[in-house]
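Below is one structure, written out as structure tokens; comments come after it.
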Amino acid sequence: AQRVTQPEKLLSVFKGAPVELKCNYSYSGSPELFWYVQYSRQRLQLLLRHISRESIKGFTADLNKGETSFHLKKPFAQEEDSAMYYCALNTGFQKLVFGTGTRLLVSP
Amino acid sequence: DVKVTQSSRYLVKRTGEKVFLECVQDMDHENMFWYRQDPGLGLRLIYFSYDVKMKEKGDIPEGYSVSREKKERFSLILESASTNQTSMYLCASSLSGGRTYEQYFGPGTRLTVT
């Protein structure tokens with residue numbers, strides 16, 4: 001079955017603390033994974049994709065095929081990082097399966 | 001800049017009414033999608049379309065239908081609205097091609113069925 005699991009509904013950290021949002025996937029083929037983010041009162045938008053291997057707004061995510069994971073990390077959280085984060089898996093033909101989302105709350 | 005617009009931000013309908021949600025994109029994208037977003041359930045794909053007059057069922061198509069008569073417009077139809085269809089509905093569009101393209105989302109329509 002094609003599935004994305006985000007085990008944490010809410011992650012609460014203090015400003016400057018490291019952040020790791022967990023994402024595990026189940027997929028029989030070669031996975032293509034994404035992180036989408038929705039800030040308060042804004043549209044859902046792409047944050048990063050694993051194939052690009054880039055850092056966006058200080059966030060990185062590494063695909064670990066052995067652990068079937070694609071965790072999102074940032075060494076020092078900022079208050080403006082507070083948002084809803086969704087991990088997504090391409091299941092073919094541009095279709096994405098999304099996880100249930102993790103709300104990140106960064107407190108001052 | 002890609003723009004995806006949805007006809008209403010908020011909609012209140014009665015049980016049994018026929019409901020139309022409209023989505024328009026201005027970037028000549030081939031693919032269009034309808035999702036519903038519920039707390040604790042994330043985004044779930046209802047229907048998608050990869051070309052005019054083409055449609056494919058997503059993961060939760062029951063109780064919904066769609067129409068794509070023009071490339072830029074993708075409509076979601078609730079034939080007989082029910083209270084369990086109260087949700088946030090998101091439309092998205094993307095290019096088509098050899099790789100997976102970014103999906104661009106609309107602002108959402110919060111539908112309440114009473």
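The values are calculated or read from the model by the stated rules, or taken from the named source; none is laboratory data. On a predicted model such as this, the values are computed, not experimentally measured, just so you know. Please note: Cβ atoms are built from the backbone with ideal geometry, for glycine as well, and neighbour counts cover all protein chains shown. Quick note on the areas: whole protein, heavy atoms, side chains included, nothing else; ligands and nucleic acids left out. Shrake-Rupley method; radii C 1.70, N 1.55, O 1.52, S 1.80 Å.
At-a-glance table
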{"item": "In the range B:61-84, residue surrounded by the fewest Cβ atoms within 10 Å (Cβ to Cβ) [restricted to those that are under 12 Å from the mean Cα position of the chain (by Cα) and among the hydrophobic types (A, V, I, L, M, F, W, C)]", "result": "B:Ile77"}
{"item": "Conditions (1) at pLDDT below 95; (2) within 15 Å of the chain's Cα centre (by Cα); number of the one not met by A:Tyr27", "result": "(2)"}
{"item": "Residue check, B:Gly16 modelled with pLDDT of 95 or more and on the phi > 0 side of the Ramachandran plot", "result": "yes"}
{"item": "Residues within the range A:12-45 that are surrounded by fewer than 17 Cβ atoms within 10 Å (Cβ to Cβ) and aliphatic (A, V, I, L, M), tallied", "result": "1"}
{"item": "Candidates A:Phe76, A:Phe70, filtered to the one that is farther than 24 Å from B:Met88 by Cα and open to solvent by 80 Å² or more (accessible area, probe 1.4 Å)", "result": "A:Phe76"}
{"item": "Qualifying residue in the range B:73-85 (condition: at negative phi, charged (D, E, K, R) and within 14 Å of chain A (Cβ to nearest Cβ))", "result": "no"}
{"item": "Members of the range B:93-114 that are more than 8 Å from chain A (Cβ to nearest Cβ), open to solvent by less than 50 Å² (accessible area, probe 1.4 Å) and of a type in the set (Gly, Ala, Ser)", "result": "B:Ser93, B:Gly97"}
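Yes/no per residue for (1) under 26 Å from A:Leu10 (Cβ atoms); (2) touching a Cys at 6+ places or on another chain (Cβ under 6 Å); (3) of a type in the set (A, V, I, L, M):
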| site | (1), (2), (3) |
| --- | --- |
| B:Lys13 | no, no, no |
| B:Lys18 | no, no, no |
| B:Asp28 | no, no, no |
| B:Phe48 | no, no, no |
| B:Asp59 | yes, no, no |
| B:Glu72 | no, no, no |
| B:Ser75 | no, no, no |
| B:Ser80 | no, no, no |
| B:Ala92 | yes, no, yes |
